[in-house]
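Novice: Dropping the structure in here first, questions after.
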Amino acid sequence: MSRKPPRYYARVRPPSRGWHREIPGRVRRYFDERRLQKYVLITGLSMFVVGYLVMTFLFFPGFGRSPIVTVPDLTGRTAGQAERAVERLGLEMLRGGQLPNPRVGRGRVLMQTPLPGEEVARGTQVRIVLSSGPETRVVPSIKGLSRADAIILLQRYGFRVAIRTMLHRSEEGSIIGLRPEAGKPAALPGPVELLISAGPPKVLVPSVVGLLEDAAQARLQVTSLSAGRVAYDPASAEPAGTVIAQSPAAGDSLRMGSSVRLTLAGADPNPPPPPAADTVAVDSAAAEPAVEEPIPDPEPEPDEPPRR
């Protein structure tokens with residue numbers, strides 16, 4: 001007996017409605033009508049809040065803060081520091097010109113408008129003026145002026161004169177120079193030093209007794225001294241040209257550039273010329289006493305004859 005082959009039946013799905021696939025039942029149950037409205041409302045409200053905050057902070061940076069602020073004190077700050085300080089408060093900074101000032105450094109705020117402590121609205125402009133530092137002026141020349149005239153001239157230029165004495169080869173009390181030098185700029189009312197000579201420094205006089213004249217002069221030059229007036233002693237027993245005495249003596253102090261008087265043994269090689277003969281005759285004649293001649297007595301007048 002033959003067996004019939006089994007039959008296979010294909011499961012046919014019902015045709016879908018429309019072009020989209022059918023939503024599963026569990027998804028349809030989750031997104032029911034109530035839940036869908038809830039999600040739409042929450043999403044829309046969230047997007048509105050986020051958009052509102054973005055627009056507020058982007059176009060209204062001062063929103064939520066007080067519309068009135070107190071102007072800070074900007075004096076002494078640099079321009080950058082002042083700008084950051086006013087921007088943090090919602091203000092604007094406007095730079096003005098520059099003015100000289102001896103107490104406020106260059107590039108720092110010298111004055112401002114509005115003044116510190118004033119209450120202004122946000123967005124107000126704060127105008128600042130920077131310092132250009134102390135005013136400078138060229139130091140004038142005092143060449144040929146006396147000490148008093150030099151001081152008056154410097155004071156008229158606005159400088160404070162300070163006197164400073166120092167050792168110098170110039171004569172004591174004479175003007176040596178200026179600090180800063182003439183022609184250079186100096187701050188006002190800054191000090192200008194007037195250099196006054198206190199005279200050359202003093203040195204000890206060396207001993208030159210017993211030396212020949214050339215050697216004595218060389219030793220004096222080493223100590224910035226020089227040989228002064230030279231005298232001669234022909235009666236000295238020392239060799240001719242030897243220094244037998246000096247003034248000042250060795251060990252005394254003299255200012256640099258001074259001279260030392262020397263006395264040499266021997267006769268003067270350049271004696272002074274003898275006086276002229278006419279001069280001697282005149283002098284001798286002038287020295288003789290004048291002889292006074294006797295004055296004769298006047299003759300007596302004759303008696304007048306008697307009148308008739």
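Novice: With in contact with a Leu (Cβ under 6 Å, 6 or more places away or on another chain) and open to solvent by 40 Å² or more (accessible area, probe 1.4 Å) as the only criterion, which of Ile163, Ile175 stands out?
Specialist: Among Ile163, Ile175, only Ile163 is in contact with a Leu (Cβ under 6 Å, 6 or more places away or on another chain) and open to solvent by 40 Å² or more (accessible area, probe 1.4 Å).
Novice: Right, another one. Residues Arg35, Arg11: which one is open to solvent by 100 Å² or more (accessible area, probe 1.4 Å), at pLDDT below 65 and more than 17 Å from Thr124 (Cβ to Cβ)?
Specialist: Arg11
Novice: Can I ask one more? Among the residues of the stretch 183-213, which ones are surrounded by 15 or more Cβ atoms within 10 Å (Cβ to Cβ), assigned to a loop (DSSP other than H, G, I, E, B) and over 29 Å from the mean Cα position of the chain (by Cα)?
Specialist: Listed by number, the residues that qualify are Val205, Pro206, Val208, Val209, Leu211.
Novice: Something else: Across the stretch 104-134, which residue is modelled with the lowest pLDDT among those that are among the aliphatic types (A, V, I, L, M) and not in a strand (DSSP E or B)?
Specialist: The residue in question is Val104.
Novice: Another one. At least 1 residues that are open to solvent by less than 50 Å² (accessible area, probe 1.4 Å) and polar (S, T, N, Q) in each: list the strands (runs of 3 or more DSSP E) lying fully within the stretch 214-268 that qualify.
Specialist: The strands (runs of 3 or more DSSP E) meeting that bar are 226-233, 243-247, 259-265.
The values are calculated or read from the model by the stated rules, or taken from the named source; none is laboratory data. What you see is a predicted model; the values in this text were computed from it and never measured. As a convention, Cβ positions derive from the backbone with ideal geometry for all residues, glycine included, and neighbour counts pool all protein chains shown. Heavy atoms of the whole protein, side chains included, go into the accessibility calculation; ligands, DNA and RNA do not. Shrake-Rupley method; radii C 1.70, N 1.55, O 1.52, S 1.80 Å.
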